[in-house]
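Colleague: Shown below is the structure under consideration.
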Amino acid sequence: MKGTAGEFDLQILPEVLSFIEGEALRSRDGLETGGILLGTDDTQAIVVRHAGGPGPKARRETHRFLRDLVHAQELADQVWKEDRSQWIGEWHTHPSGDLTPSQFDLENYFKHLLDPELGFSRFVSIIIGLTPKGEVASIPWVINRESAQPVPTANADHPNRHSVALRPNG
């Protein structure tokens, strides 16, 4: 999957999409699931090369997902050694089918963006839902300190695309 958002390209390798689609089927039970995204991000392009699953200690709930941090770190360490991929975002499901980031999602993205130890200038999120026919639908988002933008892609065109203002609470 390849798309363009403003001044950069977003590329998600096919094997990453296949992995995420398989994992997303866990949401048939009505609970969110997800994992981290790893790859490269330079000023011209974001390339998602790897995706992780939730991990054995993840918390899956109806309206939020908390990944297993130890599991995520182990994957990040492994792929760094393989090809220098870094944590660039996350993917998760919305069993409701709404492919827009929730307020909880936006608050978490904003925390990541403001954490100086993480050093994010932007964050990638892929939100996945299941259609009434049980098919996987997804929209990739790129979030910066001002907004969350859906990224148009060749096979993820969705009629409800829009920008979401990023407003932290407090």
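Colleague: Would you mind calculating the relative contact order of the chain from Cα pairs under 8 angstrom and at least 6 residues apart, reporting the percent as a whole number?
Modeller: On the way: 347 pairs, mean separation 35.2, N = 170.
21 percent.
Colleague: So what is the relative contact order for the stretch 74-138, in percent, with contacts set as C-alpha pairs under 8 Å and at least six apart?
Modeller: Values: 64 pairs, mean separation 23.3, N = 65.
In percent, rounded to a whole number, it is 36.
Colleague: Okay, next question. How large a share of the accessible area of the chain, in percent, is made up of carbon and sulfur atoms when the probe is 1.4 Å and the other protein chains stay in place?
Modeller: Here carbon and sulfur together make up 50 percent of the probe-accessible area.
Colleague: Whose amide H sits under 5 Å from the amide H of G97, counting only residues 5 or more places off or on another chain, with H placed in the peptide plane?
Modeller: Long-range HN contacts for G97: L130.
Colleague: Across the stretch 96-108, in residue order, what do the Karplus-derived ³J(HN,Hα) couplings come to in whole Hz, using 6.51 cos²θ - 1.76 cosθ + 1.60 with θ = phi - 60° and x for Gly and Pro?
Modeller: Once θ is set to phi - 60°, the couplings for the stretch 96-108 become 5, x, 6, 9, 9, x, 6, 4, 4, 4, 4, 5, 5 Hz.
Colleague: Continuing with this model, one more query. Which residues among the stretch 9-27 fall inside the zone where the amide N is under 17 Å from a point 7 Å beyond the Cα of E74, along Cα→Cβ?
Modeller: It comes to no residues whatsoever.
Colleague: How large, in Å, is the stretch 94-156 by the Kirkwood hydrodynamic radius built from its alpha-carbon pairs?
Modeller: By the Kirkwood definition, the hydrodynamic radius is 12.5 Å.
Colleague: Please report Rg (one decimal) and Dmax (integer) in Å for the Cα set of the stretch 1-141.
Modeller: My reading of the Cα-based Rg and Dmax gives 14.2, 43 Å.
Colleague: Per DSSP helix of 4 or more residues, -39500 (n - 2.57); summed, then divided by the residues of the chain. What does that give at 222 nm, rounded to the nearest 500?
Modeller: -7000 deg cm²/dmol
Colleague: Once phi is turned into ³J(HN,Hα) by the Karplus curve 6.51 cos²θ - 1.76 cosθ + 1.60 with θ = phi - 60°, what whole-Hz value does each residue of the stretch 134-146 show in order, with x for glycine and proline?
Modeller: Calculated HN-Hα couplings, in order: x, 7, 8, 10, 8, 9, x, 10, 10, 10, 10, 5, 9 Hz.
Colleague: In nm, give the distance between the simple-model label positions of Q11 and H112, each being 7 Å from the Cα along the Cα-to-Cβ direction.
Modeller: Label at Q11, label at H112, 2.1 nm between them.
Colleague: Ignoring ligands, DNA and RNA, what accessible area per residue does the chain give at 1.4 Å, in Å²?
Modeller: 53 Å²
Colleague: Non-local amide H neighbours of A58 (under 5 Å, H modeled in plane, Pro and chain starts lacking H): which ones?
Modeller: Amide H neighbours of A58, under 5 Å, 5+ apart: D68.
Colleague: Evaluate the charge dipole of the stretch 1-93 about its Cα centre and quote only its size in Debye, nearest 20, assuming +1 on the Cβ of each Lys and Arg and -1 on the Cβ of each Asp and Glu.
Modeller: On the way: 11 positive and 16 negative charges, 68 e Å.
Using only the charged Cβ atoms, the result is roughly 320 debye.
Colleague: May I pose another question? Residue by residue through the stretch 114-130, which ³J(HN,Hα) values in whole Hz follow from phi under the Karplus form 6.51 cos²θ - 1.76 cosθ + 1.60 (θ = phi - 60°), with glycine and proline marked x?
Modeller: For the stretch 114-130, the Karplus-derived couplings read 8, 7, x, 5, 7, x, 6, 9, 8, 9, 9, 9, 10, 9, 10, x, 9 Hz, x marking Gly and Pro.
Colleague: Out of residues 5 or more away from L10 or on other chains, whose amide H comes under 5 Å of its own, with H placed 1.01 Å from N in the peptide plane?
Modeller: HN-HN under 5 Å from L10: G3, T4, A5, I46.
The values are calculated or read from the model by the stated rules, or taken from the named source; none is laboratory data. Computed from a predicted structure; not experimentally measured. Cβ atoms come from the backbone with ideal geometry, glycine included; neighbour counts cover every protein chain shown. All accessible areas refer to the heavy atoms of the entire protein, side chains included, with ligands and DNA or RNA removed. Shrake-Rupley method; radii C 1.70, N 1.55, O 1.52, S 1.80 Å.
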